[in-house]
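Here the structure comes first, spelled out in structure tokens, and everything after it is commentary.
The values are calculated or read from the model by the stated rules, or taken from the named source; none is laboratory data. As the structure is a prediction and not an experimental result, all values here were calculated from the model. Glycine gets a Cβ as well: all are built from the backbone with ideal geometry, and neighbour counts include every protein chain shown.
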Amino acid sequence: MAQSTTVSLSDFDIHSDTGLLPTRPLPPLPTTYASWTKALSDASRVLSLGEDDSKEAIAKRGASERWRSDIRSWPILDTTELTKDVSLLKQAHRHLAFLVHYYIHSIPPCEGTASVCVPAPLAVPLAEVSRLLGMAPVLTYADTVLWNWEFIDPSAPLSAENMHITEVFSGTDDERQFHAVSAATELRGVEAIRIIDDFNHLASPTSPSSITKLNADLARLTSIIEDMSDIIQSVQPVCDPHVFYWQIRPWFCGSDGRGPETPEWVYEGVPRAQQLDLSGPSGGQSTTIHALDAFLAVDHRPRAAKDASSAPTEGFMHRMRRYMPGRHRAFLEYLDDPAVSVRELALQVPQLRDSYDAAVMALKRMRDLHMRVVCRYIVNMSRTHRHIPSGCPVSAMIARMETERGLRGTGGNELSILLKATRDSTKRALLKNSL
Ligand code: HEM
């Protein structure tokens, strides 16, 4: 679609004050769906991670199995009542997707199982509401961040300080803070979305007044991206890496989260269940960050895919779009096809080059700093032991032994390759490299 000045942010379910977040918390589900609401409110108290073999977790296993067998005995609820309001569809997605992850990850591991069943009372309505919302039928960034909050003071407007994250698997404040940091990053990005929108509505992008405005907006964008970087770093004092790696992250894993040796998820009663997108939530699903890439013409397609003679490959970032609500993805598709891109304009107009490059550099630095966080929270933690807090001497010894035996080396490598690739494609957008 070519750019049209008649298109507005609201067409993409984006608000000029709150961006990708709704302006108000999602409404509660109608009483027809009380079983979903009740199961979700019980879940974090009743369940532990299935792989947790601590005394407390083992003591919960009976109640945990009852929670799951109740769900298997539920009727498959019709979703028609939810279609009267898209906010109810989102709330249903959030409920069901959390329930699916609670259900699967609370099952104690059973060796030799090739697949694990998501029962039809969860799978069928989740597939249906996901189809209507145009998004993956699994827990996504929208469920854990965009739609997972309530006001602290309902009489005040939405801000990072006035929101409380509602659903967390582990019951820890660390998990709440982890999502709150992402939400704060999104809220800081709202001004960036408005800058992008302003550019799309310029009647004549090459006029002197448009160039002056764009120059100032690119400078503003640079400082917004720097703020977003700082916000991402602010996770470090409020979310403990050991708690994140052992108590929080395992709940997020989707069907393919831990490689081919773990059982794949089968959605009972859902046609073509093998073709569903079931990866689980990731910051890579942040439409705001994808919008920055699209606006600055950062191209994340794997390099071979850009060569028309080779078979098309789908990169991680593109795949992540399928986990976004359909209307947010449509916003990115709209940005992908501008009448004139900021980068093309900056190539033509020397006055814009420095401000464009400064914005791209800020985005590259954000990715460098994010990589450091990932290293601290995942790569380093993959060498620690579940029940021993990081930093203690015994944990350090076990970490050394595990590294020496090479027990947990590979996930970190794959992550580094992925994150280096997004950082490098950002760097490739710099004009000073192409002139
Ligand atoms: C403790 C904090 C964080 C950790 C441990 C973390 C971890 C990760 C990991 C492991 C990936 C690789 C893809 C995946 O496996 O999902 C990733 C990608 C990504 N994360 Fe984070 N993340 C953190 C905070 C954030 C925040 C606050 C944001 C901002 C919204 C964010 C945005 C992204 C983006 C956009 C990607 C895609 C790759 C890229 O654009 O370079 N992350 N993150």
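Things worth noting here:
- Being at pLDDT 95 or above and out of contact with any helix residue (DSSP H, G or I) (no Cβ under 8 Å at 6 or more places or on another chain) is not true of Leu292.
- Here Ile193 passes the criteria (1) touching a strand residue (DSSP E or B) at 6+ places or on another chain (Cβ under 7 Å); (2) within 13 Å of the ligand (Cβ to nearest atom) except the one numbered (2).
- The residues on offer are Cys110, Cys117, and the sole one that is out of contact with any Asp or Glu (no Cβ under 9 Å at 6 or more places or on another chain) and more than 14 Å from the ligand (Cβ to nearest atom) is Cys110.
- Verdict on Ala92 being hydrophobic (A, V, I, L, M, F, W, C), surrounded by 17 or more Cβ atoms within 10 Å (Cβ to Cβ) and at pLDDT 95 or above: yes
- Just one of the listed residues (Arg72, Arg94) is among the charged types (D, E, K, R) and in contact with an Asp or Glu (Cβ under 7 Å, 6 or more places away or on another chain), namely Arg94.
- Of the residues making up the stretch 273-297, those that are more than 10 Å from the ligand (Cβ to nearest atom), in a loop (DSSP other than H, G, I, E, B) and closer than 30 Å to Ile76 by Cβ number 3.
- Selection from the stretch 115-142 of residues that are touching a Pro at 6+ places or on another chain (Cβ under 6 Å) and part of a loop (DSSP other than H, G, I, E, B): Met135, Leu139, Thr140
- The lone criterion from (1) at pLDDT below 95; (2) crowded, with 16+ Cβ neighbours inside 10 Å; (3) of a type in the set (A, V, I, L, M, F, W, C) left unmet by Ala339 is number (2).
- Residues of the stretch 185-218 that are small (Gly, Ala, Ser), within 23 Å of Ser286 (Cβ to Cβ) and part of a helix (DSSP H, G or I): Ala192 alone.
- A search for C-beta distances below 6 Å between a residue of the stretch 247-272 that is touching a residue at least 24 places away in the same chain (Cβ under 8 Å) and within 16 Å of the ligand (Cβ to nearest atom) and any residue that is among the aliphatic types (A, V, I, L, M) and assigned to a loop (DSSP other than H, G, I, E, B), counting only pairs 6+ apart in sequence or on different chains, returns Pro250/Leu49; Gly254/Val138; Gly254/Leu278; Ser255/Leu278.
- Subset tally (residues that are small (Gly, Ala, Ser) and either at pLDDT 55 or above or within 16 Å of the ligand (Cβ to nearest atom) (or both)) for the stretch 300-329: 4
- Contacts under 8 angstrom Cβ, first residue in the stretch 162-173 being farther than 15 Å from Arg249 by Cβ, partner among the β-branched types (Val, Ile, Thr) and surrounded by fewer than 20 Cβ atoms within 10 Å (Cβ to Cβ), 6 or more apart: Asn162/Ile152; Met163/Ile152; His164/Ile152; Asp173/Val238
- Screening Asp230 with (1) assigned to a helix (DSSP H, G or I); (2) of a type outside the set (A, V, I, L, M, F, W, C); (3) away from the ligand (no atom under 16 Å from the Cβ) gives one miss only, at (3).
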